[in-house]
1. How would L102, L147 rank on accessible area, largest to smallest, probe 1.4 Å?
2. Taking a quarter of the surface of the Cα convex hull of region 5-81, what do you get in nm²?
3. Going highest first, how would you order 87-99, 117-129 by mean Cβ packing within 10 Å?
4. Given the chain, report the % of alpha carbon pairs whose separation exceeds 25 Å.
5. Once you keep just the Cα pairs under 8 angstrom separated by 6 or more residues, what percentage relative contact order results for region 29-99?
6. Can you list residues whose amide H is under 5 Å from D73's amide H, if they're 5+ apart or on another chain and H is modeled 1.01 Å from N?
7. Pairs of Cα atoms under 8 Å, at least six residues apart: use those to get the relative contact order of region 16-152, whole percent.
8. Rounded to the nearest 0.05, what FRET efficiency do D96 and N132 give with R0 = 22 Å and r taken as the Cβ-Cβ distance? Could you check?
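The values are calculated or read from the model by the stated rules, or taken from the named source; none is laboratory data. Note that the structure is a prediction, hence the values are computed from the model and not measured. With ideal geometry, Cβ positions are generated from the backbone for all residues, glycine too; neighbour counts draw on all protein chains shown. The area values use the complete protein model at the heavy-atom level, side chains included, leaving out ligands, DNA and RNA. Shrake-Rupley method; radii C 1.70, N 1.55, O 1.52, S 1.80 Å.
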Amino acid sequence: MALKVGDKVPVFESKDTKGAHFDSQEIIGKKPAVIYFYPKDNTSICTAQACSFRDQYQDFKDLGAEVIGVSSDSVASHQEFAKEHALPFILLSDEDKKIKTLFGIPPALFGLLPGRVTYVVDKNGIIVLIFNSMLGGKHISEALIALKKIVS
């Protein structure tokens with residue numbers, strides 16, 4: 001069942017880009033966050049999206065928010081992806097698709113691709129925006145608009 005605006009983000013764990021244990025409770029419920037699910041490292045739209053988050057990362061930090069990218073790629077793939085594109089934010093490996101399932105991410109393009117969905121979460125862990133679009137670049141602007149509304 002898919003999460004919706006007003007729902008509390010479920011607790012989840014994973015491995016981050018460094019292979020370290022990540023527990024969502026260390027961030028979610030303590031400060032605003034942007035959690036974005038994307039199909040695959042090093043594909044054109046996913047790379048453009050990640051680089052756009054990178055280029056505006058300071059804007060997110062200035063609003064007190066953390067950015068977390070999630071895909072089913074391995075930790076090794078994330079390490080290479082983050083290094084090649086100088087990504088300063090957290091990437092989580094969801095190889096077993098447990099996080100995707102918790103959030104209820106729908107498939108895209110008639111089930112041919114994993115979905116591209118961004119969640120903006122307030123400091124209490126409540127979802128204030130869900131943006132579902134294969135247009136990677138639009139996720140950044142929508143997330144920033146939503147964050148500005150909840151921190152002002």
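1. L102, L147
2. About 5.6 nm², averaged over all directions.
3. Highest-to-lowest ranking by the protection proxy: 117-129, 87-99.
4. Values: 2156 of 11476 pairs.
Result: 19 percent of Cα pairs exceed 25 Å.
5. Details: 95 pairs, mean separation 25.8, N = 71.
Relative CO of region 29-99 lands at 36 percent.
6. D41, D94
7. Details: 242 pairs, mean separation 44.3, N = 137.
Reported as a whole number, the value is 32 percent.
8. 0.50
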